[in-house]
Amino acid sequence: MSDIDPLNTLAERFRGYYPVVIDVETAGFNANTDALLEIAAVTLKMDEQGWLVPDDCQFFNVEPFEGANLEPAALEFTGIDPHNPLRDAVDEGEALKSIFKMVRAGMKASGCKRAILVGHNATFDHSFLMAAAQRAANKRNPFHPFSTFDTSALSALAFGQTVLKKACETAQIEFSDREAHNAEYDTRKTADLFCNIINRWKELGGWPLAAAEDADADTDIDKESI
């Protein structure tokens, strides 16, 4: 029999949700018309003491879907040349199939029921993920259709910062401007940031919810004494 506290499991910590950090690089802001060019995913796990750490990672350069818009300003910002053969890009459906397989395996191993996207300004990444899954007619999408965990909002609470670089620096996580705006690098840094915030909350006594459990116990004792 395992001696691990049930509260130190991923399934209990996030109400059955399996957090997966996602970052995308794109050729614009419209998920329905602009190309998905890079996608990375980092899964997370908890150790026996309930500390959250990064687990597996997958990264893909992605071929623009047929008819996709390529905004010059977006390409200049990311520095991505979608037509460079050295990118070794894959079809977006192939990329998602591999990522979703990894996520479903992690969900099963951790006893979670559904994946939830963790992202920095997560709505953007979520919209491109869902649009690509719809184009690929992927019916085994494990992600929640609209809920996300946004590290921008969490960083504002924890560090008073909303920009990924500034939040990482405040959390004393190394951050390289040269590597930034690469989906794999940004995903790994976002994963480090999310784990840092969750673990910091635990260090401060915010998890497990001992205070609430003690209050419930005190209430029960009071009721018995009446």
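None of the figures in this text is laboratory data; all of them are computed from the coordinates on show. Worth saying up front: this structure is predicted, and the values here are computed from it rather than measured. Because the Cβ atoms are built from the backbone with ideal geometry, glycine has one as well, and the counts that use them run over all protein chains shown.
Each part reduced to its alpha carbon centroid, region 114-189 and region 1-78 end up 6 Å apart. Estimated purely from DSSP H runs of n ≥ 4, each contributing -39500 (n - 2.57), the mean residue ellipticity at 222 nm for the chain is -13500 deg cm²/dmol once divided by its residues.
Pairs exceeding 27 Å between alpha-carbon atoms, taken from Lys101/Lys189; Lys108/Lys166; Lys101/Lys166; Lys108/Lys165: Lys108/Lys166; Lys101/Lys166; Lys108/Lys165. Taking every C-alpha pair closer than 8 Å and separated by at least 6 residues, the mean separation divided by the residue count of the chain gives a relative contact order of 22 percent.
Evaluated with a Cβ-only charge set (Lys, Arg +1; Asp, Glu -1), region 87-222 carries a dipole of roughly 880 debye about its Cα centre, given to the nearest 20. In the elastic network of the chain, a GNM with C-alpha springs shorter than 10 Å, the most mobile of Asp47, Asp34, Asp125 is Asp47. Normalised by residue number, the volume inside the convex hull of the Cα atoms of the chain is 149 Å³ per residue.
The radius of gyration of the Cα set in region 62-180, together with its Dmax, comes out at 16.6, 44 angstrom. Given the options Leu154, Leu86, Leu193, which has the most mean-square fluctuation in a GNM of the chain, springs set between C-alpha atoms less than 10 angstrom apart? Maximum fluctuation in the GNM of the chain, among the listed residues, is at Leu86. Structure remark: mean-square fluctuation, Gaussian network model of the chain, C-alpha springs under 10 Å; the largest value among Pro85, Pro54, Pro208 belongs to Pro85.
Placing +1 on each Lys and Arg Cβ and -1 on each Asp and Glu Cβ, with no other charges, gives region 54-145 a dipole about its Cα centre of roughly 800 debye.
Placing unit charges on each Cβ (+1 for Lys and Arg, -1 for Asp and Glu) gives the chain a dipole about its Cα centre, and among Cys168, Thr123, Val103 the Cα reaching farthest toward its positive end belongs to Val103. Each of Asn30, Leu7, Pro19 was scored by the projection of its Cα onto the charge dipole of region 5-96, and the greatest displacement toward the positive side belongs to Leu7; charges sit on the C-beta of Lys, Arg, Asp and Glu.
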